[in-house]
């Protein structure tokens, strides 16, 4: 990341700072950031659609999301531009919570947080532009193709959505992935034509 990716830098730094403050210095920050579907309209807590993406329930969840974001966010921002990149991130934060809202809008105890939906959107939008991209995840010494990583990413979060109880909205991953793919289709349909041409070569 560098001066050509100010959106990625700002999002990464802000998310890390808010999450670490909430986890280790000011727990009330986590509480204030939670997305609670029951209170979204009743208490007009619309801001939590965004603030819930800045905080994380654990250091592991923060690390996993931000490593993924670090590998895929900056290259995508360089291609689509900062304004469109930030728009993608914000829109996907909001839309990835839509299904969660309808599923839990009558449950006052339900609350989630994390940037998983937006990170998933960035990941899948990036794969449309860079289908041959790879990344390294320690301690594995070999590059992992982006499409394979995306499948593993969704499989991992699907498992956690079924078995995890960490306050993280894991179902937002698939919704974020769909949002990312649709965002590219709406804003740059030619990207899919280039992807298809690359596949059939």
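Laid out as a table, the results:
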quantity	calculated
Region 85-94 - residue that is in contact with a helix residue (DSSP H, G or I) (Cβ under 6 Å, 6 or more places away or on another chain) and surrounded by fewer than 21 Cβ atoms within 10 Å (Cβ to Cβ) and, of those, nearest to residue 179 (Cα to Cα)	94
Subset of region 35-60 [closer than 17 Å to residue 92 by Cβ, touching a residue at least 60 places away in the same chain (Cβ under 8 Å) and in contact with a strand residue (DSSP E or B) (Cβ under 6 Å, 6 or more places away or on another chain)]	35, 52
First in region 150-164 and on the phi < 0 side of the Ramachandran plot and modelled with pLDDT of 75 or more, second anywhere and outside any helix (DSSP H, G or I) and surrounded by 12 or more Cβ atoms within 10 Å (Cβ to Cβ), Cβ under 7 Å, 6 or more apart	none
Condition check for residue 13: free of Cβ contacts under 8 Å to residues at least 24 places away in the same chain and either touching a strand residue (DSSP E or B) at 6+ places or on another chain (Cβ under 6 Å) or part of a helix (DSSP H, G or I) (or both)	yes
Residue ID - nearest to the chain's Cα centre (by Cα), chosen from residues in region 100-120 that are at pLDDT below 95, crowded, with 16+ Cβ neighbours inside 10 Å and over 12 Å from residue 35 (Cβ atoms)	119
Residue 141 vs. criteria loosely packed, with under 14 Cβ neighbours inside 10 Å, assigned to a loop (DSSP other than H, G, I, E, B) and either at positive phi or modelled with pLDDT of 75 or more (or both)	yes
Sole exception among (1) buried (at least 19 other Cβ atoms within 10 Å of the Cβ); (2) part of a helix (DSSP H, G or I); (3) within 14 Å of the chain's Cα centre (by Cα) for residue 53, by number	(2)
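The values are calculated or read from the model by the stated rules, or taken from the named source; none is laboratory data. Bear in mind that the values here come from a model prediction, so they are computed numbers and not experimental data. Heads up, the Cβs are rebuilt from the backbone with ideal geometry, glycines too, and the neighbour counts pull from every protein chain shown.
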